[in-house]
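Input: a single structure, listed below in C-alpha cells.
The values are calculated or read from the model by the stated rules, or taken from the named source; none is laboratory data. None of the values given here were measured: they were computed from a predicted structure. Cβ coordinates were reconstructed from backbone atoms using ideal geometry, including for glycine residues, and neighbour counts include every protein chain displayed.
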Amino acid sequence: MSYLCLDRNIKGGRKNKVAFFWLGEDGKERVLTYDQMYREVNRWAYVFKEKLGLKKGDRVAIYLPMIPELPIVMLALARIGVIFTVVFSGFSGSALAQRIEDSSAKILITAHGYYRRGKKIYLQPNVREALSKVSLDKVMVFRRLDEGWEKEEIC
C-alpha cells in the first residue's frame, strides 16, 4: 500500500506534485508533495521500527482525528508490516478500550485533541479511560491544539 501510494508516484515523475492537501477548521493548512510525504512516512517508519521496536506482525491502535499525521502514520506502519486498527476519534474511552483489547495492540497513537464544528474536542479523557481498562506498552500523542504540530511521547 505504501509503495503504491508514494514510491510509484515518485518514480513516475510526480515527486513535486501535491500528494496531500489539508485544511483544518482553525484555518491551518498543510500541503505535502509526494516527496515530502515519502520523507515523512520513511522518517516515521524509522521511529516505529528502530526507536519503538515495532516489527512485522506487531499490532498498533490509531486513535487520531483527520489530521495529516493520520495517513502518514498508516503508511509508515504499512511500510514496516505492522498491523493497525484505526479507531474513529469520536468513540468513547470504553469503545476505544474494547478495540485495543480486540486487536491486541501494543501501542496507541493518538492526539490530545482536535477541532470539530468550531469546538475543541479533547481526546485525552477518553484515552485515560481506555488506559484504565487495558494495558499498553506505549502511548504516542500528537499535539494538535494550541501547541502546534509537535510530537510527544507520554508513556
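For segment 81-125, name all the residues that are of a type in the set (A, V, I, L, M) and touching a residue at least 40 places away in the same chain (Cβ under 8 Å). Result: A105, I107, L108, I109, A111, I121, L123. Every condition in (1) in contact (Cβ under 8 Å) with a residue 40 or more places away in the chain; (2) surrounded by fewer than 19 Cβ atoms within 10 Å (Cβ to Cβ); (3) not basic (K, R) holds for E69 except the one numbered (2). Taking residues in segment 49-62 that are over 22 Å from A111 (Cβ atoms), and partners anywhere that are part of a strand (DSSP E or B) and at pLDDT 95 or above, the pairs with Cβ atoms closer than 9 Å and at least 6 places apart or on different chains are K56/I83; G57/I83.
Do we have any residue at all in segment 16-27 that's closer than 25 Å to S132 by Cα, touching a Leu at 6+ places or on another chain (Cβ under 9 Å) and part of a strand (DSSP E or B)? Checked segment 16-27: no residue is closer than 25 Å to S132 by Cα, touching a Leu at 6+ places or on another chain (Cβ under 9 Å) and part of a strand (DSSP E or B). Quick check on my filter: what residues within segment 7-60 are at pLDDT below 90 and not charged (D, E, K, R)? Residues satisfying the conditions are G24, G27. Within segment 8-46, the residues that satisfy the criterion of being surrounded by 15 or more Cβ atoms within 10 Å (Cβ to Cβ) and either of a type in the set (D, E) or free of Cβ contacts under 8 Å to residues at least 12 places away in the same chain (or both) are D35, E40. How many residues does segment 122-151 contain that are within 26 Å of D102 (Cα to Cα), out of contact with any His (no Cβ under 8 Å at 6 or more places or on another chain) and either modelled with pLDDT under 90 or of a type outside the set (A, V, I, L, M, F, W, C) (or both)? Here the count works out to 9.
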